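What follows is calculated from the coordinates using simple rules that are stated; it is not laboratory data. Keep in mind the model is a prediction, meaning the values are calculated, not measured. A quick note on method: Cβ atoms are made from the backbone with ideal geometry, for glycine too, and the neighbour counts reach across all protein chains shown.
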Amino acid sequence: MGITILPPVSDDIIPRHEDDSDDSMSVDSDEDVEMSGLRAPKRARIGNQTLSTGVVTPGEVVTDDPQWMRGHGTYMTPLSTSIIATVAVQSKRWKVDVAAPLLAQLPLSAINLPGGILRRRTSSDELQIRTFFSEGDLVVAEVQSVHQDGAASLHTRSLKYGKLRNGVFLAVTGTGGSGASSNSTKGGVGSNSLRPGAGSGMGGVVRSRRQVWTINTHNGGGEVDVILGVNGYIWISKHADGTAAASSATENVSITRMEEMVSTSIYSSQNDEIIPQTRREIARLAQCIQVLVQSGIRVDEETVMSAYEASLQVDLEVGDEDDEDEDSRHEGREYLEGAKSRRILELVV
Amino acid sequence: MSNQRQASSASQVPHLSPAELSYLYTSLSLPKTPIRPDGRSPTQFRPLTAETNILPGTNGSARIGFADGTQAIVGVKAEVEKTILSNETLASERGAGPEPTDQEGSTTAAVGGHGSWVQMSIEIPGFRDDDALPVFLSEMMRESLVGAVGTDENSDMTGGLKGRLVINKRWHWRLYIDVLLLSQPLAYPLPLLSLTTHLALLSTKLPKLKSQGEEDPFFDDDWAVAEYLYPRSSPSTGAKISSSSSRPSFVRPPVTLLVISVGENIIFDPNREEIAVADAVLAISITRDTQAGHLRLLSIRTVDPPSRLTQPGVPNSENVNMLGAVAPTDDIAVLNPVTGEEEVPGVWRPRRGGAKRSVISEMVKTVLKKGGVGEEVLEGLEGVEVS
């Protein structure tokens with residue numbers, strides 16, 4: 001069956017109202033998101049108008065509470081966590097989109113230049129800045145410091161940071177819930193109309209112990225790396241072993257130059273050869289994460305792993321059911337939607 | 001500049017890095033078994049939600065929501081209008097009295113109908129009414145709508161939709177089709193708008209005519225006896241009937257499908273990322289308009305592939321930061337048999353557009369063949385409860 005047409009699900013916005021305790025001052029609550037949508041009952045109490053819907057039109061009084069400060073309590077990029085960002089602008093530094101209210105900056109001085117640790121930065125490096133990272137590149141970096149205004153300063157001074165390749169990108173809502181911006185820039189999965197219920201703001205990447213890990217995939221997929229950026233950007237790629245990456249590019253390099261070689265490969269935008277089995281498992285992982293996000297389950301190592309195992313099990317179950325027809329069995333069986341995604345969720349939760 | 005780009009390629013192309021583009025392209029162009037980022041098979045559509053008759057003030061309406069969150073509403077309104085007769089007819093009328101003796105001039109317009117009787121307006125957020133995209137889209141859809149001519153002699157639909165709008169020699173229906181895209185155009189919005197319009201037209205009813213012949217039109221007040229603009233078999237069983245040869249088939253409004261080619265592979269219902277790496281993007285309009293139930297190809301239009309405007313990747317051998325790190329023999333440019341360009345594997349090259357004839361003919365075949373994608377889509381839409 002090529003096309004499925006479903007009856008509409010009534011997706012009325014039910015204003016979610018978790019707790020009445022006034023926690024608007026805590027740093028982690030995403031006040032700006034709630035002001036615009038989900039806090040309708042509360043807003044009706046602050047302002048003296050009664051509003052039936054969560055929609056605010058221009059000119060409408062949002063609040064007349066003198067205690068409320070613009071921007072206060074909004075999401076700040078958390079310190080010292082790996083994030084994936086899109087390089088946007090440049091002049092002696094890169095401006096990168098980290099799905100935060102302000103663009104973060106990555107100064108030229110905060111990257112490892114190719115050619116070893118003792119390499120001096122020269123003006124020619126400034127002129128050649130595009131050869132390191134260019135517009136549109138995806139970069140994994142670490143937040144070094146956060147300025148007064150909330151703009152973050154990043155660095156890539158480690159071998160595990162640098163340009164991303166050999167994989168796929170996903171944007172989901174991060175901890176801070178700046179899902180709106182990530183959706184508009186990268187077309188994230190948060191905008192799905194088939195999402196059961198109005199569970200927005202629930203899911204997303206959770207800051208946890210491990211944000212980068214390697215999965216030994218089934219079906220001959222080999223090892224796959226998953227990077228969960230704390231800003232909701234996710235990268236799933238073929239596992240690149242540090243020394244293996246270097247040796248693939250360099251066969252006749254002395255051991256003393258090895259580290260140097262590794263650091264140069266972080267500026268490569270050429271993909272390695274990836275076998276179809278690995279690509280298939282990467283696609284499966286990406287879908288598992290989307291299933292989690294669409295149902296408002298937080299995304300961390302544990303949930304991703306169990307969703308992945310569940311999807312394999314669902315595949316086995318489906319495979320048993322229609323064994324008689326070889327062709328239709330393989331037709332789009334990797335697409336996890338509807339019944340399959342519900343089954344996965346049952347197994348995960 | 002960025003605005004122009006958006007308007008020309010008609011979709012907000014996501015900013016994908018060269019490595020991502022290369023990964024996607026290679027996955028999608030794997031011979032015979034493309035791996036789509038969401039695991040679908042090449043001809044599989046994302047599930048969509050559909051409902052009809054949602055607007056009480058219209059003759060017919062529909063809403064369709066795609067899985068990526070884009071939604072469209074279409075309302076069809078009909079109004080009775082006096083047919084403007086051509087100059088010769090008027091002249092002969094003046095000479096010979098109220099009844100036209102010379103039938104030639106008026107019959108062409110009155111029997112065949114006129115394309116301008118169908119008026120279509122498309123509203124897309126972020127675009128003005130007179131921007132290129134909405135104007136182009138509406139003309140493209142209107143054209144295939146009025147261009148679809150029924151070849152079935154003994155049905156109401158002689159002359160296609162245009163013929164159906166004729167009441168008598170002096171009066172006709174005028175259709176106003178208002179298309180409203182509710183969300184930002186994430187992908188190229190044409191298939192969504194076309195499917196929604198199709199569904200709205202299927203649900204469109206016109207009041208039953210009580211007057212006869214050349215009388216001034218006079219209609220039945222009872223909405224329950226109103227007739228469908230496009231005759232239907234029976235609304236409740238439409239979904240169950242399979243595409244057997246005994247099935248009576250009716251003229252149907254056209255549907256436009258977006259098809260892309262990546263390498264030798266043909267992919268339906270592409271999402272944004274897939275469109276971003278496509279070699280060629282085609283909008284194929286089809287309709288069903290003969291007794292035998294064959295599908296007819298109405299038009300093929302090429303859409304400017306956004307992959308043209310992407311950032312190229314740098315092969316390791318040309319990367320100044322990797323000088324000395326790569327043996328010169330590592331990266332040998334290989335001739336891509338599909339595009340005829342030299343490429344280093346794993347490095348993204350913006351596409352120049354264009355597709356081989358064999359690929360395009362394969363696309364059309366996949367849509368039109370018996371039990372193919374076109375039939376599946378039309379049947380799926382037919383199955384939507386119209387009440």
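Points 7 angstrom from Cα along the Cβ direction at residue B:225 and residue A:317: gap in nanometres?
Going by the 7 Å Cα→Cβ label model, 5.4 nm.
Given H placed 1.01 Å from N in the peptide plane, which residues other than close sequence neighbours of residue A:233 have an amide H under 5 Å from its amide H?
A:84, A:172
Excluding same-chain residues fewer than 8 positions from residue B:169, which lysines have a Cα within less than 23 Å of its Cα?
B:77, B:82, B:205, B:208, B:210
What's the local net charge at residue B:57, with K and R +1, D and E -1, over the other residues with C-beta under 14 Å away? The partial results should precede the final answer.
Numbers: positive: B:77, B:205; negative: B:79, B:178.
The answer is 0.
May I ask you to sort B:172, B:198 by Cβ crowding, counting other Cβ atoms within 10 Å and putting the fewest first?
If I rank by nearby Cβ atoms, fewest first, I get B:172, B:198.
Exposure proxy check: A:233, B:176, B:25, B:230 ranked by fewest other beta carbons within 10 Å?
B:176, B:230, B:25, A:233
Where does the charge balance sit around residue B:134 when Lys and Arg score +1, Asp and Glu -1, over other residues with C-beta under 10 Å from its C-beta?
Summing Lys/Arg as +1 and Asp/Glu as -1 gives -4.
Which FRET efficiency, nearest 0.05, do residue A:349 and residue A:212 yield, Cβ-Cβ r, R0 30 Å? Don't skip to the end; give the middle numbers.
Details: r = 25 Å, r/R0 = 0.83.
Efficiency at R0 = 30 Å is approximately 0.75.
Efficiency by 1/(1 + (r/R0)^6): what FRET value for residue A:61 and residue B:116, r their Cβ-Cβ distance, R0 = 51 Å, to the nearest 0.05?
0.55
Going by C-beta contacts inside 10 Å, put B:45, A:169 in order with the fewest on the left.
B:45, A:169
Residue A:238: which lysines have alpha carbons under 23 Å from its alpha carbon, excluding same-chain residues fewer than 8 sequence positions away?
Excluding near neighbours in sequence, the set is A:160, A:163, A:186, B:32.
Using a Förster radius of 60 Å, what is the FRET efficiency between residue B:128 and residue B:218 based on their Cβ-Cβ separation? Nearest 0.05, please.
Result of the calculation: an efficiency of 0.90.
Report the net charge of residues surrounding residue B:223, where surrounding means a beta-carbon distance below 13 angstrom and charges are Lys +1, Arg +1, Asp -1, Glu -1. Working shown, then result.
Values: positive: B:205, B:208; negative: B:220, B:221, B:222, B:227.
Neighbourhood net charge equals -2.
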